[in-house]
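Each remark here refers to the structure printed beneath this line.
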There are 2 protein chains.
Amino acid sequence: MTTGNTRLTNSVPLQHVQINGGFWGARQATNSAGTIPSIYHQLTITKRLDAWRLDWKPGQPKPHIFWDSDSGKWIEAAGYSLVKNRTPELEAQIDAVVDLIEKAQQPDGYLNIFFTSVEPQNRWRNLRDWHELYDAGHLIEGAVAYFQATGKRKFLDVLIKYADHIDTMFGPRDDQKHGYCGHPEVELALVKLYETTGEQRYLDLSKYFVDERGKQPIYFDIEARERGEDPHQYWAKTYRYCQADIPIREQTKATGHAVRACYLYSGVADIAALTGDAPLFEVCRSVWDDLTQHQMYITGGLGSTHSNEGFTFNYDLPNEEAYAETCAGVALVFWAQRMFHLDPDSKYIDVMERALYNGVLSGVSFDGTHFFYANPLAAYPNINPYPSSTSVLTDGYYRRSEFFECACCPPNLARVVASVGQQFYSTADDTLYVNLYNQNRALIPLSGNTVDIEQETNYPWDGDIRLRIGLEQLANFTLALRIPSWCRDFSLEVNGTPISTSPIKGYVPVSREWANGDEAVLKLAMPVERIVAHPQIRQDAGCVALQRGPVVYCLEEIDNGPQLSNVALPDDAHLTAEFDSQLFGGVTVISGDAVHMQPQEWPGGLYQPQPLLTYTHSPFTFKAIPYCFWANRQPGEMRVWIRGN
Amino acid sequence: MTTGNTRLTNSVPLQHVQINGGFWGARQATNSAGTIPSIYHQLTITKRLDAWRLDWKPGQPKPHIFWDSDSGKWIEAAGYSLVKNRTPELEAQIDAVVDLIEKAQQPDGYLNIFFTSVEPQNRWRNLRDWHELYDAGHLIEGAVAYFQATGKRKFLDVLIKYADHIDTMFGPRDDQKHGYCGHPEVELALVKLYETTGEQRYLDLSKYFVDERGKQPIYFDIEARERGEDPHQYWAKTYRYCQADIPIREQTKATGHAVRACYLYSGVADIAALTGDAPLFEVCRSVWDDLTQHQMYITGGLGSTHSNEGFTFNYDLPNEEAYAETCAGVALVFWAQRMFHLDPDSKYIDVMERALYNGVLSGVSFDGTHFFYANPLAAYPNINPYPSSTSVLTDGYYRRSEFFECACCPPNLARVVASVGQQFYSTADDTLYVNLYNQNRALIPLSGNTVDIEQETNYPWDGDIRLRIGLEQLANFTLALRIPSWCRDFSLEVNGTPISTSPIKGYVPVSREWANGDEAVLKLAMPVERIVAHPQIRQDAGCVALQRGPVVYCLEEIDNGPQLSNVALPDDAHLTAEFDSQLFGGVTVISGDAVHMQPQEWPGGLYQPQPLLTYTHSPFTFKAIPYCFWANRQPGEMRVWIRGN
């Protein structure tokens, strides 16, 4: 087995990047002041933390099999926020939770609330459905993050002990289980543990899970029979649901549950990188291309349907019914990061940026305390975003919730916002990639030097970015500046001298001897764009969406009145972008000429012959706001895709 | 209690109307030769008939709680078909089934497969969910139909005995259950039994069920507690699902499960008529108006969502996701018939006709042997018409099935086609209403005379109808000819003399002394109409549908190529109707100018800035076929609502 790290680029760790304002500064402030405390409050009042005491008694409400992961992800998010601001109160809260978790660990290292306190007899008996390894993965990620933030080892050591237990339980030996988790996540977590501890066994175990997945006979069939169940009675009907219908190395398409897919291929990309397994990376690239070319919303949302929380078929992207789970957007960000490690191409960051500014951030309210699980691209009063065979529609609007019974999304949102700084830069030998633009200062080790880089920008509301380089000595390296795919015109100057280099894989490389105080000024033209969808996306036929820079816009009823389906944007409509400092702490809004089309008089009934009607096209000035901030004001209709002419 | 029959019109019984060709003649021939035998075959191979032997043993697959109704509806359909053509083979088949049913009846009169052979301890313990009275209702309807067709009493007597048992079990006395069925149906069936036997108790019992429905405390809560269940854990979440959230007399809106609603209000309208209960009829009228003004598809389909198989909210009529259950269309036809009894207004027949020619007939394949449960108004390869929390989308097309586990739709289809003749005419004192047009001859008793009326027409492909009157003696009466709401220009002549009377409530009354051989010639102008939907139906915004006469058309991929979402019908497109004698036994198809809009070149990816693209508008001649015949040829896309300009 090749174990050399074949990554071509590496992320710059969070510790090195200080976000000191701008768009993400505001989001992180809200995350720290609103989201992380409010999740802690929910974990408390829902007894998710108390459940670690393992004192469940028959007759009491049962802890849920996912609960461990909620703690893990909250600690991870809180850990990232400590990197920026090491507040003792938060650290004490985490330490108390860690103490609970430590006490819950069994002598053999096993660590799980439900399968210790409620159904100990069912430990490891249903990998397909019961999420034990998924829980383990999130705890590992939390432990790694908290260790990196604080240097405290207790939680990490607990998870090392658990990982060692898992390593004895799973593997190729006859006395081991040859299984893998129905909900991938542990794969990427074990890679993190390997990278943190240097312990090869964790990487090997992760690779084992990946290699076993989808092999015949399918492990899920075997364990189902061992439980006395008929494997054909699998509730999700097909192992495509969990990307286990065929071996990983034969997979080429995005199928099944979107979050599972993105976590899985994140781990697979890691393993490909760390084991030098090029064919395995080709699998990731193939699935990535399939997904981003055929099944991704303009918001970066993934998963067209609630029925499998995932993918359906090419070009099937319904708007009102979109599932586009917040977690799937988050997982896509993580996956993109890993793809860039092996293939430094802006196309991955383009997708990451699309998700971050749109379908991920829409998952949280502006005040950080309420959350969307699904992120539809159109909303209408009375629509129930979660159709199911057991739900009857009830009146009301689609609004964010404080929490969910299955609460995967809120802490996922918190951890991606708290850790967004690690996406800003990548390094490769003597190249410093600037991936994302936002006010920040970073100290980045690069071929023997430390590059002190500072961005000054009001991105994404403005495409002007000033980068200042600080160096203790002259240094030869390449500064590679990303030109986002949405940008069709840009200029770049270094110390006042225009640079005319063309982008390579989406990055303009500026190779020179850099000196302290050098300045690069990048101007990304950021006009309002009318975007159309692929002609096979039937749900967007005849419609346009508005985008400016990476930000996708939407119309809300509060700004534009009701019946948004009858609003059209003529081809020649003049569109204006204006910064509104009063709205959502300052955002750019788009306005312009639109028409509201409706019959002068409707004779009654539901259907009328067209010749009997006269339609009026009432002009009005529409106002579009960033999609990520929808549903923060008065409830009403919302639409991303608006009728064209 | 007032029991005088206050019907203003009465249907003309099936026995008096002989359909001798034309559109419905062909449908009935297919029904007799294809549908009724194929349902019998399915009842046999699925052991639904054998289940009447009550020999289920633990460990065997359980009969379903709906199975009784399948037998009942099949006998009803077969009974109607015997009226037209009394084939001894079919009659022998029915008699054999009746023998089985008779033997299954318990000494106390109780009659139910599941609750006799599988769970006798649960008899009448869950009226909310378990369909016992629904089953009883369909058996009663079958028994009445078979008795009327053949004069044979055995099946009727079995059901009378069962109805008597039900009458002892349910009612206001302390020793009786004060319940009613979660799935209405028995109400209208008991009215039929009352009308067949003259036994007042059946009408009283039906009225009792109606009056109890939705009264506080809700019976379903009481019986749930008696089963040791928490009523709040009701799977459908609200009793609106079964129209039992508030008392019938307070209901004004169409809510919940569409089939239940239409069966319920059919029975309610009957009771209102037969008890002279005007306020009760106003309830029906209010719900009817709400439903037809806010929640009905252009096909007459009802029920926007699979989640409750029913209504959602006003103007919510998604096309691909439409449930529009075949049974709901059938039930709407029956309800319309009963509304007309009390309110002789063409608006009810307009809805009936809309359902019959479109959303009902689409439920069966052209050869009569395959069935749709849901009748969407748009189809796309790979769409799963039954999204549910436990189904994962699989590749494939939406096609009719031979049968269903819950097989309510096929025999419902069969009985409405076999009995459609009873919708053709109504009588009131000295008025003969002609409701539907089709080749037929009827002998109709009217104020002491028998009117022999014959229609000669190729309706719905042609709007010319020639009506010949046969009389043994001169007779004064009013012939009221329906002018469908879709018709905006008509002419009428009697014996060559133009009649200029305006329609009253949609009927032109021709009052005169009629003589043998008199002829009325009605010409209904039947141009192709472009129909638009109410501006609040967001799913149809910017779209048109094509309708000619009562027939709604659709585009299919086989005639128009793929990507139907990119096909537009310009406002000024010339539209032509042409009879195609080769297609589906002869149907009128519509053709005309359309454009296929697509980018000249798509640069790749899912989303592109519009200014980079040039759209070509390729003209082509489209072909639309009657919606009811879709999905009978090569699979592909289908759309009823097509983009306008």
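Before moving on, here are some points about what is shown:
- Based on Cα contacts under 8 Å between residues 6+ apart, the stretch B:38-184 shows a relative contact order of 30 percent.
- Cα point-scatterer Debye curve for the stretch A:494-645, base-10 log of I(q)/I(0) at q = 0.18, 0.21 Å⁻¹: -1.10, -1.30
- As a length-normalised measure over Cα pairs under 8 Å and 6 or more apart, the relative contact order of chain A settles at 13 percent.
- Contact order relative to length of the stretch B:201-259, as percent, for alpha carbon pairs under 8 angstrom and 6 or more apart: 38
- Cα extents for the protein assembly as shown along the principal axes, largest to smallest and rounded to whole angstrom: 120, 67, 48.
- Per residue of A:526-539, other chain Cβ atoms within 10 Å of the residue Cβ number 5 on average.
- In order along the stretch B:401-410, phi translates into HN-Hα couplings of 10, 5, 6, 9, 4, 9, 9, 5, 6, x Hz, rounded to whole numbers, per the Karplus curve 6.51 cos²θ - 1.76 cosθ + 1.60 with θ = phi - 60° and x for Gly and Pro.
- When the alpha carbon coordinates of the stretch A:567-637 are projected onto the principal axes, the ranges are 48, 29, 15 Å, largest first.
- Expressed per residue, the C-alpha convex hull volume of chain A stands at 166 Å³.
- Label-to-label distance, nm, for residues given as B:ARG441 and B:ASP464 (7 Å Cα→Cβ offset): 2.2
- 10 Å Cβ neighbours from other chains, averaged over peptide B:597-609: 5
- When each of the peptides A:299-310, B:590-601, A:208-219 is scored by how many other beta carbons lie within 10 Å of its residues on average, the order from highest to lowest is A:299-310, A:208-219, B:590-601.
- Inter-chain shielding of A:312-318 (mean C-beta neighbours from other protein chains, 10 Å cut-off): 4
- Less than 5 angstrom separates the built amide H of B:ASP580 from those of B:VAL587, B:THR588, B:VAL589, all sequence-distant by 5 or more or on a different chain.
- Based on Cα atoms of the stretch A:40-188, Rg over Rh with Rh as the Kirkwood radius reads 0.97.
- If R0 equals 56 Å, the separation of the Cβ atoms of B:LEU8 and B:ARG53 corresponds to a calculated FRET efficiency of about 0.75.
- Unsatisfied cross-links (Cα-Cα over 28 Å) in the set B:LYS47/B:LYS207; B:LYS62/B:LYS152; B:LYS57/B:LYS152; A:LYS57/A:LYS103; B:LYS84/B:LYS154; B:LYS62/B:LYS103: B:LYS47/B:LYS207; B:LYS62/B:LYS152; B:LYS57/B:LYS152
- Derived scalar couplings ³J(HN,Hα) [the stretch B:178-187; Karplus, 6.51 cos²θ - 1.76 cosθ + 1.60; whole Hz; x for Gly, Pro]: 9, x, 7, 7, x, 10, x, 3, 5, 4
- For the stretch B:162-171, backbone phi angles converted through the Karplus equation (6.51, -1.76, 1.60; θ = phi - 60°) give residue-by-residue couplings of 5, 4, 5, 4, 4, 5, 7, 6, 10, x Hz, Gly and Pro being listed as x.
- Percent of alpha-carbon pairs separated by more than 22 Å within the stretch B:425-547: 40
- Between B:GLN233 and A:PHE584, the modelled label-to-label distance comes to 4.2 nm, taking each label 7 Å out from Cα in the direction of the beta carbon.
- Among A:444-451, B:223-230, sorting by the average number of other beta carbon atoms lying within 10 angstrom of each residue, highest first, gives A:444-451, B:223-230.
- Long-range amide H partners of A:LYS177 with built H, under 5 Å: A:PHE170, A:GLY171
- Cβ-Cβ distance of A:ASP95 and B:GLN293, R₀ of 60 Å, FRET efficiency by 1/(1 + (r/R0)^6): the value works out to about 0.45.
- P(r) of the stretch B:103-196 over all Cα-Cα pairs, binned every 5 Å from zero, in whole percent: 3, 14, 23, 27, 20, 9, 4, 1, 0
- Label-to-label distance for A:ARG225 and A:GLU195 is 4.0 nm, based on points extended 7 Å past Cα in the beta-carbon direction.
- Cβ-vector label at 7 Å, B:ILE222, separations to other copies in nm: 5.7
- Beta-bridge orientation, the protein assembly as shown: approximately 95 percent antiparallel, per DSSP, counting only bridges with both partners inside.
- Each part gets one Cα centre, and for the stretch A:327-353 versus the stretch B:211-285 those centres are 54 Å apart.
- A:GLU102/A:ARG249 FRET efficiency (R0 41 Å; Cβ-Cβ; nearest 0.05): 0.60
- Label 7 Å beyond Cα on the Cβ vector: A:ARG633 copy-to-copy distances, nm: 5.1
- Euclidean distance of C-alpha centroids, the stretch B:1-63 and the stretch A:503-540, integer Å: 67
- Distant-in-sequence amide H partners of A:THR478 (H built 1.01 Å from N, under 5 Å): A:THR431, A:LEU432
- Working note: 222 nm ellipticity from helices only, DSSP H runs with n ≥ 4, each -39,500 (n - 2.57), summed and divided by the residues of chain A, gives -10000 deg cm²/dmol to the nearest 500.
- Shown for A:ARG249: label points 7 Å from Cα along the beta-carbon vector, and their distances to the equivalent points in the other copies, 7.7 nm in ascending order.
Taken together, the values in this text are just the output of simple stated rules run on the coordinates, not laboratory data. Predicted model only: the values in this text are computed from it and were never measured. Ideal geometry is used to build each Cβ from the backbone, glycine not excepted, and the neighbour counts take in all protein chains shown.
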